[in-house]
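Peer 1: Have a look at the structure that comes next, please.
The values are calculated or read from the model by the stated rules, or taken from the named source; none is laboratory data. What you see is a predicted model, and the numbers here were worked out from it, not measured in a lab. Backbone-built Cβ (ideal geometry, glycine too); neighbour counts: all protein chains shown. To get the accessible areas, we keep the full protein, side chains included, count just its heavy atoms, and leave off ligands, DNA and RNA. Shrake-Rupley method; radii C 1.70, N 1.55, O 1.52, S 1.80 Å.
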Number of protein chains: 2
Amino acid sequence: MKKLINDPAQVVSDALDGFATAHADLVKVNRRPDYVVRADAPVAGKVALVSGGGSGHEPLHIGYVGRGMLDAAVPGPVFTSPTPDPILAAAKAVDSGAGVLFIVKNYTGDVLNFETAAELAQLDGIDARTVLVDDDVAVQDSTFTAGRRGVAGAVLLEKIVGAAAERGDSLDACQALGERVNARMRSMGVALTACTVPHVGRPSFELADDEIEIGVGLHGEPGRRRAKLAGAAELAAELVGPVLDDLAAPAGTPVLMLVNGMGGTPQSELYIICQEARRLVEAAGLQLARSLVGDYATALEMQGCSVTVLLLDDETADLWDAPVATPALRRGL
Amino acid sequence: MKKLINDPAQVVSDALDGFATAHADLVKVNRRPDYVVRADAPVAGKVALVSGGGSGHEPLHIGYVGRGMLDAAVPGPVFTSPTPDPILAAAKAVDSGAGVLFIVKNYTGDVLNFETAAELAQLDGIDARTVLVDDDVAVQDSTFTAGRRGVAGAVLLEKIVGAAAERGDSLDACQALGERVNARMRSMGVALTACTVPHVGRPSFELADDEIEIGVGLHGEPGRRRAKLAGAAELAAELVGPVLDDLAAPAGTPVLMLVNGMGGTPQSELYIICQEARRLVEAAGLQLARSLVGDYATALEMQGCSVTVLLLDDETADLWDAPVATPALRRGL
């Protein structure tokens, strides 16, 4: 295992210290319990957005804390959900009385722990709701999931609902918007290589030199099938096809497309996939209105990518364009 | 070779198409000759900053085109300098009469081709100057270089001089500022794995499973020595030590530190190096005033990182903080 780390058991903790150093202008990092809040939290009168999940997907979610996006993020151990305690502590730290919305990727551990935290928050008088993200069309159930997995679409949802909360939308409105965004987006990914969880020390799965995993999950979970490595045009079709089939959107619908790197993929390759995916989106009669290309939801050093398509309307397009100031996504602030 | 590409010979061209799709709000991409200019180029009365070099280092340089940074960037083939023709074409496209400053990393091919382009531009009546970037302390001469190599420090120089040009500084002032910034920054990198140039199809060098290259160049050129993989604290010391020794800055000097990923390194590992490097910088009596952590100057999918330290003063700190709107670096716009 070749990693720039000290103790494999301390990777999340050591990285959080460096994250605090690098982004002290935007966020505050709390240690024991570990969570990240925006520098000006709690914001009076504002619905607080809280997300989290296993570490190893950076910048997801800690990199999206800041004005116009998340109020807090709770990082668990690598690929492992945070427990209810730090989630509850984060919710308390950012709640200003307008309520807390948990944004939770659909994994069994995350769902359970955020649900428990929501119940405990309710007991403390905090109106805590949850929006589930389950955008991955690859498989119905998976290693850590009942139902569809939540993957890179979480970034888009956090940005759009974050902008709504920032402009003063109510908890009801933010929750409804989150559910609407989730219902209108789908993702699918491919892995060219596996990744290695530091405290495990060996790759999560094995891929031959000419093999790829189509429909891979964000932790390297099996997807639809193993296949031989193919060209970017063919791979883009393997990802975009199922996404568009599942969305079944009317021609002319404006879309936001995220081409997401899994951590170990050069930007040039993501741009190549972007161009191939654009052709497919436009060939399906949809209008590519916005795009985002880069490492936004990763699986450690995995080589591969995912494509997310979100059907936009005027409101969600405006919210996407709204100013944001987080470590990983910044515009207009 | 596992890459998300179509034809290995078309990687740069295909990626440029995707880059144009993804960032149409910020830049315009010209094809044949290939160069990228900011969307509002040429900007009347403004000194134009032009950089470029071999592709494969993205976001360097095309990702830094936009308000407050570069006016144009010229991408060559992977790890190969662009020829004078596209450099000259880019200079002509962005010159508004206030002159053009070429920002050139110190590699023999880049120096020669930008020099020729500058001479041709002068013949066309454009006042074209050059600032060389040679921040890499690892080795004095190298595979493609006489003198020190230019590496990730180029990002800092382009940002700071870009802000100066944006506020209306003259060509003389921008050139002098560029030389001042270059003289006040040093970098050093380490590779955990090699990278594969697409049209070559095999790794540029070989590293054993437990081996690293200390002082590696941005194309995988040899550095100071091969060593056994060590912990992040020890590796950070291997990088920061020579950088600080060479800078020989008085105690109390404020610094900007860039912890740069080479392309295949998870963000969490860069943050761990950031924290270790911070300890060393502060132990040396310097004041960590600003930091930047992420993949800013890469070598395709190489795993590894570099650390750059720039000695700040009030003016360069203000210019660093100034608004910028590029695909890869954005703040306040």
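Peer 1: On average, how many beta carbons from a partner chain sit within 10 Å of the beta carbon of a residue in A:15-27?
Peer 2: Numbers: counts 11, 4, 7, 16, 8, 3, 11, 14, 3, 1, 4, 0, 0.
Mean partner shielding for this stretch: 6.
Peer 1: Within a 10 angstrom radius of each residue's Cβ in B:205-217, how many Cβ atoms of other chains show up on average? Whole number is fine. The partial results should precede the final answer.
Peer 2: Working: counts 0, 0, 1, 0, 2, 2, 1, 2, 0, 0, 0, 0, 0.
Per residue, the number of nearby Cβ atoms from other chains is 1 on average.
Peer 1: Given a 1.4 angstrom probe, I'd like the percentage of the accessible area of segment B:144-252 that is carbon and sulfur, rounded to a whole number.
Peer 2: Details: 1980 of 3960 Å².
Roughly 50 percent, rounded to a whole number.
Peer 1: Can you spot the aspartates and glutamates whose alpha carbon is less than 16 Å from B:Lys46's alpha carbon? Ignore those fewer than 8 places along the same chain.
Peer 2: Leaving aside aspartates and glutamates fewer than 8 places away in the same chain, those within reach of B:Lys46 are B:Asp71, B:Asp95, B:Asp127, B:Glu158, B:Glu166, B:Asp169, B:Asp172.
Peer 1: Another question about this same structure. In segment B:1-61, which trypsin sites (Lys or Arg not before Pro) are in a loop and have at most 11 other Cβ atoms within 10 Å, using DSSP for the loop call?
Peer 2: Details: sites: B:Lys2, B:Lys3, B:Lys28, B:Arg31, B:Arg38, B:Lys46; in loops: B:Lys2, B:Lys3, B:Arg31, B:Lys46.
Within segment B:1-61, the qualifying trypsin sites (Lys or Arg not before Pro) (loop, at most 11 other Cβ atoms within 10 Å) are B:Arg31.
Peer 1: Let me ask something else. For chain A, modelled as a GNM with alpha-carbon contacts under 10 angstrom, which of A:Gly63, A:Gly168, A:Gly217 fluctuates the most?
Peer 2: With Cα springs under 10 Å in chain A, the top fluctuation among A:Gly63, A:Gly168, A:Gly217 is at A:Gly168.
Peer 1: Considering only protein heavy atoms and a probe of 1.4 Å, how much of the accessible area of segment B:41-142 is carbon and sulfur, as a whole percent?
Peer 2: 53 percent
Peer 1: Among rounded, prolate and oblate, which fits chain B when a ≥ b ≥ c are the square roots of the eigenvalues of its C-alpha gyration tensor, a/c under 1.5 means rounded, and a/b larger than b/c means prolate? The partial results should precede the final answer.
Peer 2: Working: a/c = 1.71, a/b = 1.21, b/c = 1.41.
It is oblate, given that a/c is not under 1.5 and a/b is not larger than b/c.
Peer 1: Which of the helices in chain A meet the span-like rule: DSSP H, Cα axial reach of 27 Å or more, Kyte-Doolittle mean at least -0.5? Mind dumping the intermediate values first?
Peer 2: Working: long enough: none.
TM-like helix candidates: nothing returned.
Peer 1: Checking the a/c ratio against 1.5 first, then a/b against b/c, what shape does the Cα gyration tensor give for segment B:54-199? Mind dumping the intermediate values first?
Peer 2: On the way: a/c = 1.70, a/b = 1.37, b/c = 1.24.
Prolate, because a/c is 1.5 or more and a/b exceeds b/c.
Peer 1: Can you list, shortest first in nanometers, how far A:Pro250 lies from the same residue in the other copies, with each label 7 Å from Cα toward Cβ?
Peer 2: List, nearest first: 7.1 nm.
Peer 1: To the nearest 100 Å², how much accessible surface do chains A and B hide from each other in total, with a 1.4 Å probe? Working shown, then result.
Peer 2: On the way: alone 12990 and 12990 Å², together 21510 Å².
Buried area between the two chains comes out at roughly 4500 Å².
Peer 1: Between copies, how close do the B:Val200 label points come, placed 7 Å along Cα→Cβ, listed in nm from shortest?
Peer 2: For B:Val200, the other copies' label points sit at 3.2 nm, shortest first.
Peer 1: Keeping all protein chains in place, calculate the accessible area per residue for segment B:11-183 (probe 1.4 angstrom), answer in Å². Each step should come with its number before you reach the end.
Peer 2: Values: 5370 Å² over 173 residues.
Per-residue value: 31 Å².
Peer 1: Of A:Val139, B:Val190, which has the most accessible area and how do the rest follow, probe 1.4 Å? Walk me through the numbers on the way to the answer.
Peer 2: Working: A:Val139 25, B:Val190 0 Å².
Per-residue accessible area, sorted high to low, gives A:Val139, B:Val190.
Peer 1: Counting only protein heavy atoms, probe 1.4 Å: which residues of segment A:267-285 lose 50 Å² or more of accessible surface in the full assembly compared with their chain by itself?
Peer 2: Hits at the 50 Å² cut-off: A:Gln267, A:Ser268, A:Glu269, A:Tyr271, A:Ile272, A:Gln275.
Peer 1: Do you know the relative contact order of segment B:267-333, to the nearest whole percent, from alpha carbon pairs under 8 angstrom that are 6+ apart?
Peer 2: Details: 25 pairs, mean separation 13.8, N = 67.
Relative contact order for segment B:267-333 comes out at 21 percent.
Peer 1: So the label point sits 7 Å from Cα along the Cα-to-Cβ vector; using that for A:Arg279, what distances do you get to the other copies, in nanometres, sorted shortest first?
Peer 2: 5.1
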